[in-house]
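One structure is given here, and the rest of the page talks about it.
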Amino acid sequence: MEWMLALIIFIASYILIIMEKMNRALVACFGGILMLLVGVLDLDNAFLQHIDWHTIVLLLSMMILVSITSKSGLFEYIAITLAKMVKGKPIPILIVISTLTAVGSAMLNNVTTVLLIVPIVITLTRMLKITAIPYLLSVILASNIGGTATLIGDPPNLMIGQAVSHLSFNDFLIHLGPVVLVIYITVMTGVAFLYRDRLNVEEEEKINLMRVDPSLYLKQRGLLFKSVSVLMMTTVGFIIQPLLHVELTSIAMAGAVLLMLLTSDDERTEDVFQAVEWVTIFFFVGLFMLVGGLKEVGLIDEIAKSIIYYTEGDVPKTSLLILWTSGILSGFVDNIPFVAAMIPVILEFQEYGMTNLDPLWWALALGACLGGNGTLIGASSNVIVAGLAMKAKQPFTYVDFLKVGVPTALISFIISSVYIYFRYLVDFL
């Protein structure tokens, strides 16, 4: 009976989130509380097992870093410089911003990258007096695609890397990088074609932009030096994290607290905390509890085991089924618990005599990461961008995202299927 209650609560909450008649954070949190009240979850399990505090604190820390840095005028400087490089043309700007997002998501992680990129997008589109929505949607797509390429780009990859000792940072880049590049070029070509006639900048705005001196926006030089220094230190920490043997969350926390200490004379701590996107934070808390309820009653585990039962251990069939199943489900539930459920199931394949499980790992990574583009709640970066867009008065709906997200996800799965088949599965036939 508990599994039925958990499923009803999850589906009802999901429908309300899609309808957008109520604040999504309230809906998610209320759904999570219902999971507690009906006995699907208990408070200790919810807080200690299902809510991913690493993600929550990483997000909070990066919001603090970005909030303080934004006061220095750095984002305005970058935005104007980029726009002048392409002479204010809207489609080239979209490609530059998307490429910057994809590379940043691969080398840092997609959550950190979108927190840095979105303020640039908002500033730039305001200056050119055009809608920010196509750029924000492109940032989401690029962040999930770029994050798929490396071990640290997206949480599912990090989880797989921790579970499979022989897979290194370079392995992820070598095996996932080529297909990610093909997917990125294909998707961005489609996005540019889609918006080619919808984005127009008045000639007068282009002329005004070219006259602007971006250095004039660097108003607080002391704050700029401190914030950029700490931001760079934090970024370097992320890149060399495997050598430091320190959690990414710890590095982000250290950067946030250090910057608050260094800038306490310039920015009041109270004001910094008020600038945090608390709606997004609480939405994540509620979402983790909702998905935790499904995991607690065993629904996610059953889905994972049914995949193995259906394929009867056939590697090609299992790989492609894992790719598509993880991709589709990652659009509707957070990909982290699904990957957590799938890892031990895939490891059990060794007991059936399988010696090479790598095709299954790459299929899981591609499906879980790229599936985040399917819906607005499919990945952490999606939710963050939506929250920042709402704060900037450039909101887009769940359906707005579906129109570009679903085709992107399907194209990504098709390309990934072809890639996995010809690179890894031909020898099994």
ask   = Yes or no: Lys71 surrounded by fewer than 22 Cβ atoms within 10 Å (Cβ to Cβ), among the basic types (Lys, Arg) and under 24 Å from Ser381 (Cβ atoms)?
value = yes
query = Quick one: what pairs do we get from the range 195-223, first residue modelled with pLDDT under 80, second assigned to a helix (DSSP H, G or I) and aromatic (Phe, Trp, Tyr), C-beta under 7 Å, 6+ apart or different chains?
reply = Tyr217/Tyr77
note = Exactly one of Phe282, Phe349 is surrounded by fewer than 20 Cβ atoms within 10 Å (Cβ to Cβ), closer than 30 Å to Gly73 by Cα and touching a residue at least 12 places away in the same chain (Cβ under 8 Å), and that one is Phe282
query = Taking the range 289-313 as the search range and keeping residues that are in contact (Cβ under 8 Å) with a residue 40 or more places away in the chain and in a loop (DSSP other than H, G, I, E, B), which one is surrounded by the most Cβ atoms within 10 Å (Cβ to Cβ)?
reply = Val297
ask   = If you check Val333, Val385, which single one turns out to be more than 14 Å from Ile160 (Cα to Cα), in a loop (DSSP other than H, G, I, E, B), in contact (Cβ under 8 Å) with a residue 24 or more places away in the chain and among the β-branched types (Val, Ile, Thr)?
value = Val333
query = Among the candidates Leu402, Leu425, which residue alone is out of contact with any Pro (no Cβ under 9 Å at 6 or more places or on another chain), in contact (Cβ under 8 Å) with a residue 12 or more places away in the chain, surrounded by fewer than 22 Cβ atoms within 10 Å (Cβ to Cβ) and not hydroxyl-bearing (Ser, Thr, Tyr)?
reply = Leu402
ask   = Inside the range 238-264, can you point out the residues that are in contact with a Leu (Cβ under 9 Å, 6 or more places away or on another chain), over 16 Å from Leu158 (Cα atoms) and not hydrophobic (A, V, I, L, M, F, W, C)?
value = Gly255, Thr263
query = Using beta carbons and a limit of 8 Å, which pairs, at least six apart or on different chains, have the first residue in the range 108-128 and buried (at least 24 other Cβ atoms within 10 Å of the Cβ) and the second one modelled with pLDDT under 85 and acidic (Asp, Glu)?
reply = Asn109/Asp154; Asn110/Asp154
ask   = Just wondering, is there one or more residues in the range 185-207 that are farther than 22 Å from Ser416 by Cα, polar (S, T, N, Q) and out of contact with any Asp or Glu (no Cβ under 8 Å at 6 or more places or on another chain)?
value = yes
task = Could you look through the range 23-34, keep only residues that are modelled with pLDDT of 85 or more and over 12 Å from Val285 (Cβ atoms), and pick out the one that is surrounded by the fewest Cβ atoms within 10 Å (Cβ to Cβ)?
result = Leu34
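Is it the case that some residue within the range 173-184 is surrounded by fewer than 12 Cβ atoms within 10 Å (Cβ to Cβ) and hydroxyl-bearing (Ser, Thr, Tyr)?
Taking the range 173-184 first, the residues surrounded by fewer than 12 Cβ atoms within 10 Å (Cβ to Cβ) are 174.
Adding the requirement that they be hydroxyl-bearing (Ser, Thr, Tyr) leaves none.
No.
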ask   = Does the range 258-277 contain any residue that is loosely packed, with under 14 Cβ neighbours inside 10 Å, more than 26 Å from Ala389 (Cα to Cα), among the β-branched types (Val, Ile, Thr) and free of Cβ contacts under 8 Å to residues at least 24 places away in the same chain?
value = no
inquiry  = Suppose we filter the range 156-213 for residues that are closer than 30 Å to Met127 by Cα and among the aliphatic types (A, V, I, L, M); how many remain?
reply    = 12
note = The lone condition Leu410 fails out of (1) buried (at least 24 other Cβ atoms within 10 Å of the Cβ); (2) at pLDDT 90 or above is (1)
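Among the residues that make up the range 143-152, is at least one of them more than 20 Å from Pro178 (Cα to Cα), polar (S, T, N, Q), touching a residue at least 60 places away in the same chain (Cβ under 8 Å) and crowded, with 22+ Cβ neighbours inside 10 Å?
Of the range 143-152, the ones more than 20 Å from Pro178 (Cα to Cα) are none.
The answer is no, given that none of the residues of the range 143-152 is more than 20 Å from Pro178 (Cα to Cα), polar (S, T, N, Q), touching a residue at least 60 places away in the same chain (Cβ under 8 Å) and crowded, with 22+ Cβ neighbours inside 10 Å.
State whether one or more residues within the range 314-335 are more than 23 Å from Ile9 (Cα to Cα) and in contact with a Lys or Arg (Cβ under 9 Å, 6 or more places away or on another chain).
Pass one, the range 314-335, residues more than 23 Å from Ile9 (Cα to Cα): 314-324.
Checking which are in contact with a Lys or Arg (Cβ under 9 Å, 6 or more places away or on another chain) leaves us with none.
Scanning the range 314-335 turns up no residue that is more than 23 Å from Ile9 (Cα to Cα) and in contact with a Lys or Arg (Cβ under 9 Å, 6 or more places away or on another chain).
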inquiry  = Take the conditions at pLDDT 90 or above and loosely packed, with under 15 Cβ neighbours inside 10 Å and apply them to Lys393. Does it pass?
reply    = no
ask   = Is it the case that Gly293 is of a type outside the set (Asp, Glu), in contact with a Phe, Trp or Tyr (Cβ under 7 Å, 6 or more places away or on another chain) and modelled with pLDDT under 80?
value = no
task = Would you check if Leu216 is surrounded by 16 or more Cβ atoms within 10 Å (Cβ to Cβ), out of contact with any Lys or Arg (no Cβ under 9 Å at 6 or more places or on another chain) and of a type outside the set (S, T, N, Q)?
result = no
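The values are calculated or read from the model by the stated rules, or taken from the named source; none is laboratory data. The structure displayed is predicted, hence computed values, not measured ones. Every residue, glycine among them, receives a Cβ derived from its backbone with ideal geometry; neighbour counts consider all protein chains shown.
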